[in-house]
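The values are calculated or read from the model by the stated rules, or taken from the named source; none is laboratory data. Quantities reported herein were computed from a predicted structural model and do not represent experimental measurements. No Cβ is skipped: glycine too gets one built from the backbone with ideal geometry, and neighbour counts run over all protein chains shown. What goes into the accessible areas is simple: the full protein's heavy atoms, side chains included, and nothing from ligands, DNA or RNA. Shrake-Rupley method; radii C 1.70, N 1.55, O 1.52, S 1.80 Å.
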Amino acid sequence: MVELPEPSVSNAPVPAATSGLELNPPAVSPGAPVVVTGRGCDPNADVRLSIGGTAAADARSRADGGFDATLPTGATDIGQHQVTAECGPKLAAALDVVLVSQVGGSAATATVLLFFLLIGGWFYGHRLVSHLPARRPR
């Protein structure tokens, strides 16, 4: 009888393209939740989700090896982080935490318009006054 070697199990993260781990959205502002969808886990296995090595959430895989979970980003720093799901295999995907700012369009437009109106009024007024005849004393 010939014995076959047992397959080796690796705990290294699988690249995101083949990992079966998807983040929606893949980029969020600090504190915003992320929906994580995974496939390829052991059936009915506990799933441990982490961001950059810090535990963030737990889930359970279905009989088909897939799972869905909401991942809170909490106090995650701004930058790119690796999200991992340990559920038998180790799945990985990239998450970007970005700082988003918004400038009010209407306020900025009104400010620029007012600036040009004031400059135009000053210039027009100056032209009118400079063309008036000088007053003669009586």
Q) Restricting the stretch 62-89 to residues that are assigned to a loop (DSSP other than H, G, I, E, B), in contact with a Pro (Cβ under 7 Å, 6 or more places away or on another chain) and under 18 Å from Asn24 (Cα atoms), which is most open to solvent (accessible area, probe 1.4 Å)? A) Ile78
Q. Can you pull out the residues in the stretch 48-61 that are under 18 Å from Leu95 (Cα atoms), open to solvent by less than 80 Å² (accessible area, probe 1.4 Å) and not in a loop (DSSP other than H, G, I, E, B)?
A. Leu49, Ser50, Ile51, Ala56, Ala57
Q) How many residues are modelled with pLDDT under 70 and over 30 Å from Ser29 (Cβ atoms) if we restrict to the stretch 96-125? A) 0
Q.
Considering only residues that are assigned to a loop (DSSP other than H, G, I, E, B) and open to solvent by 50 Å² or more (accessible area, probe 1.4 Å), which ones fall in the stretch 30-39?
A. Pro30, Pro33, Arg39
Q. What are the residue pairs meeting all of these: first residue in the stretch 67-78, first residue under 23 Å from Gly40 (Cβ atoms), second residue acidic (Asp, Glu) and open to solvent by 70 Å² or more (accessible area, probe 1.4 Å), Cβ atoms under 9 Å, and 6 or more apart or on different chains?
A. Ala69/Asp58
